[in-house]
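Enquirer: Sharing a structure below in structure tokens format, with a few things to ask.
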Amino acid sequence: MKIKVDDLSSGEVILLLEEHLSDMYATSPPECVHALDVKALKSPEITFFSTWINNKLAACIAIKRLSPSEAELKSMRTVHAFRGKGVASKQLEHVLNFAQEQGYERISLETGTQDYFKPARDLYQKFGFTECGPFSSYQLNPNSHFMTRCV
């Protein structure tokens, strides 16, 4: 497994992100979709990672700098063929180590409240994330579930 900083130029990565956005809009009301498109993920405050197994794209994840001490997880997605194989856990572990190296003290995330997002919420809980209120510019709404943890 190879996890690398990615410049979002690969067609495979772009297709995975398009699939991610499509699923988010199919699952949540449009005003509650906080997933970022490729252009937004290229912002300087975001570090985007892709995960590869045997030269095949397996997953992606991004981390967004909110302040010198805080960051947000964004765009975590695993390719269907690699789900249930520990890829998401390895990727999340990698990004948490990266966050620590960058000096972040807290990392937070927003995910959905629908059943579709339960596996993601369970994974985050397994890694020590706990429920919290809205952070950054998020607003409280019934479709958003906020989680945080110290790095």
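Since every read-out is calculated from the coordinates, none of them should be taken as a lab result. On a predicted model such as this, the values are computed, not experimentally measured, just so you know. Note that each Cβ is placed from the backbone with ideal geometry, even for glycine, and that neighbours are counted across all protein chains shown.
Enquirer: Choose one answer from Ala88, Ala59, Ala40: the residue with the largest mean-square fluctuation in a GNM of the chain with alpha-carbon springs under 10 Å.
Expert: Of the options given, Ala40 has the highest mean-square fluctuation.
Enquirer: Could you give the size of the charge dipole of the chain about its Cα centre, using +1 on the Cβ of each K and R and -1 on the Cβ of each D and E, expressed in debye and rounded to the nearest 20?
Expert: 440 debye
Enquirer: Same structure again: Along the charge dipole of the chain, pointing to its positive end and built from +1/-1 on Cβ of Lys, Arg, Asp and Glu, which listed residue (Gly84, Phe146, Ala59) has its Cα farthest out?
Expert: Of the options given, the answer is Gly84.
Enquirer: Still on this structure, please answer the following. Any idea what log10 I(q)/I(0) is at q = 0.11, 0.20 Å⁻¹ for the chain, Debye with uniform C-alpha scatterers and no solvent?
Expert: Here log10 of I(q) over I(0) equals -0.38, -1.46.
Enquirer: Next up: Nearest 5 is fine: what % of DSSP beta bridges in the chain come out antiparallel, could you say?
Expert: DSSP beta bridges in the chain are roughly 90 percent antiparallel.
Enquirer: Tell me what the chain gives for mean residue ellipticity at 222 nm when only DSSP H runs of n ≥ 4 count, each as -39,500 (n - 2.57), the sum divided by the residue total, rounded to 500 deg cm²/dmol.
Expert: The helix contribution divided over the chain gives -9000 deg cm²/dmol.
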